[in-house]
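What follows is a set of notes on a single structure, which appears directly below.
Bear in mind these aren't lab numbers, they're just calculated from the coordinates by the rules spelled out. Keep in mind that what you see is a predicted model, and the values were worked out from it rather than measured. Cβ placement follows ideal geometry from the backbone for every residue including glycine, while neighbour counts extend to all protein chains displayed.
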Amino acid sequence: MTTPTFTPPTQPAVDYESETQFRTLEADFGDGYSQRAGDGLNNVSVEPRIRFASITGTQKDTIMTFMTARKGYEAFYFTLPDEITARKFTCSKPNKKHLGNDLWDVTLDLKEVFDL
């Protein structure tokens with residue numbers, strides 16, 4: 001099965017957030033001495049929060065349909081707003097908020113994954 005690419009119908013809002021996580025292992029030997037190492041080959045990952053602000057119901061449906069089809073565990077490629085290379089993510093909790101009329105906010109909490 002090929003990994004799909006998420007191409008949103010509109011650009012995300014400019015207030016995009018991203019948390020970088022460094023997974024490390026540390027062993028304390030006493031007297032202030034310790035050793036640290038990266039935990040695994042891919043010990044640096046990002047967890048961005050992408051928001052699509054004041055989008056139409058049709059745009060909201062396009063985003064939510066894509067995320068629902070992934071069921072929260074299937075990975076997809078997405079290029080973050082400030083990057084040029086796509087990374088692989090999952091999204092287990094897409095959120096939508098009705099603003100009135102036909103306007104919506106959609107927020108995606110993404111988690112970078114390193115599947116084969």
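A few notes on this one:
- Scope region 1-42; condition within 25 Å of residue 71 (Cα to Cα) and free of Cβ contacts under 8 Å to residues at least 40 places away in the same chain; matching residues: 1, 2, 7, 17, 19, 20, 21
- Under the condition of being within 16 Å of residue 91 (Cβ to Cβ) and assigned to a loop (DSSP other than H, G, I, E, B), the residues counted in region 11-33 number 2.
- Criterion: touching a strand residue (DSSP E or B) at 6+ places or on another chain (Cβ under 7 Å) and under 20 Å from residue 4 (Cβ atoms) - qualifying residue of 110, 116: 110
- Residue selected from region 70-100 under the condition over 13 Å from the mean Cα position of the chain (by Cα) and over 19 Å from residue 9 (Cα atoms), by the criterion surrounded by the most Cβ atoms within 10 Å (Cβ to Cβ): 71
- Of 27, 86, 53, all but one fail to be closer than 21 Å to residue 114 by Cβ and aliphatic (A, V, I, L, M); the exception is 86.
- Annotation for region 3-10: at least one member residue is aromatic (Phe, Trp, Tyr) and assigned to a loop (DSSP other than H, G, I, E, B).
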